[in-house]
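Step one of this worksheet: look at the structure below.
The values are calculated or read from the model by the stated rules, or taken from the named source; none is laboratory data. Not measured: the values here are computed from a predicted model. Here the Cβ is made from the backbone with ideal geometry for all residues, glycine too, and neighbour counts use every protein chain on show.
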Amino acid sequence: MISALVVGFGACLFEPDVGPPLAGACSNADTDPSVAISFRAEIRPLIARSVAGCFCHLPSSAGPGPGTQLSGLDLSSMSSLRAGGFNSGASLVVPSEPCTSVIYQKVYEAPPFGSRMPLGGPPFWTEEELDLLHDWIAEGAADN
């Protein structure tokens, strides 16, 4: 019994980047269904800008950035977004569910776990940028 508690408690220490959905403050509904959001034209540039100063979650000629080394999270491509990191796994982007997608939770103004990203911000994402990410995920998180 004691060893089971120790193992269970230890597992919690290794999952600091995964938390509950944004209950009450979030809706999975697309805010403007008449507008389709493009990953390549709108979302990818936002992510690239967010990590440009630190290269935390991007590979470079010197190897993976510090965030990738610590979390296994590489934000450089759609396939790596779908793979997630050590802690987030496939919950990084949950198609049609922005409120349970870790990437949306982490850039939102008050994430239910860990630090708001980008780490050390501002600048944080604007309301318009948050809406773009939210709606892209709500629309199914297409690789478009």
Unmet requirement for Ser38, which otherwise passes all of (1) crowded, with 17+ Cβ neighbours inside 10 Å; (2) modelled with pLDDT of 90 or more: (1)
Checklist (1) at pLDDT 85 or above; (2) exposed (fewer than 12 other Cβ atoms within 10 Å of the Cβ); (3) under 14 Å from the mean Cα position of the chain (by Cα) applied to Cys99, failing item: (2)
In segment 41-75, the residues that are modelled with pLDDT under 75 and over 16 Å from Gly85 (Cα atoms): Ala52, Gly53, Cys54, Ser60, Ser61, Ala62, Gly63
All positions within segment 128-142 that are more than 14 Å from Tyr108 (Cβ to Cβ) and in contact with a Leu (Cβ under 9 Å, 6 or more places away or on another chain): Ala141
Selection from segment 113-144 of residues that are under 17 Å from Gly84 (Cβ atoms) and either modelled with pLDDT under 85 or under 14 Å from the mean Cα position of the chain (by Cα) (or both): Phe113, Gly114, Met117, Leu133, Trp136, Ile137, Ala141
Subset of segment 129-144 [out of contact with any helix residue (DSSP H, G or I) (no Cβ under 9 Å at 6 or more places or on another chain) and either farther than 15 Å from Pro98 by Cβ or not in a helix (DSSP H, G or I) (or both)]: Glu139, Gly140
